[in-house]
1. Over the residues of the chain, compute the C-alpha Rg and express it relative to 2.2 N^0.38 Å.
2. Find which of V18, N50, I77 sits farthest along the positive direction of the dipole of the chain, computed with +1 on the beta-carbon of Lys and Arg, -1 on that of Asp and Glu, about the Cα centre.
3. Checking the table K56/K92; K9/K41; K16/K68; K92/K114 against a 25 Å threshold on Cα-Cα, which pairs fail?
4. Please list, in chain and number order, the residues 5+ apart from I29 or on another chain whose amide H is under 5 Å from its amide H, with Hs placed from the backbone.
5. On average, how much accessible surface per residue is there in the chain, in Å², for a 1.4 Å probe, leaving out ligands, DNA and RNA?
6. Nearest 20 debye, what's the magnitude of the dipole of the chain about its Cα centre given +1 on Lys and Arg Cβ and -1 on Asp and Glu Cβ?
Amino acid sequence: MSTFAAEQKTTWAPEKCVFLATLQLSLQIDGQALPQECNFKHLGVMICVNDVAPEKHLELMCTHAQAKFGYIHSVGITNLGGNLNWVIGMYKAFIWPTMEYALEICIPNASLIKVLE
C-alpha cells in the first residue's frame, strides 16, 4: 500500500481506513493494523463485503425520514393542524430527499418498492 501511495504521490490515513472481508485477514498501512468489517457506511450508504446493501440502506433512510417526520409533526405542522401547502412543502424539502438519497445504487425489487411506499 505504501508503494502504491508513493507512486501516486498521495498518503494514506490508516486511522480513517477499514477493509471489508469475510475471512480473517491482517492488513497494515505503515505498520498500523486496519480494522476489518463486514459492513461499512460510506457517505450514508451501507456497503457490504459482496455488494452495496440496498435493504440496510433503505432501512437507514426510512429511520432518518421517520425522525424528520416526527420533528415536523412535533412543531405542529400536520395535515390536520396546519396548512396543507406547508405540509407538502416540508415533505418535499426534508422527507422526500432523505428517501431518495443514493437510491440510484439500489436495484428495486418488490420488497424494496414496498418499503419505499
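The values are calculated or read from the model by the stated rules, or taken from the named source; none is laboratory data. Everything quoted here is computed from the prediction, not taken from an experiment. Using ideal geometry, Cβ is built from the backbone for each residue, glycine included, and neighbour counts are taken over all protein chains shown. These accessible areas exclude ligands, DNA and RNA; they are computed on the full protein's heavy atoms, side chains included. Shrake-Rupley method; radii C 1.70, N 1.55, O 1.52, S 1.80 Å.
1. 1.51
2. The Cα lying farthest towards the positive end belongs to I77.
3. K9/K41; K16/K68
4. L34
5. On the way: 8690 Å² over 117 residues.
About 74 Å² of surface per residue is accessible.
6. Around 320 debye, computed over the chain.
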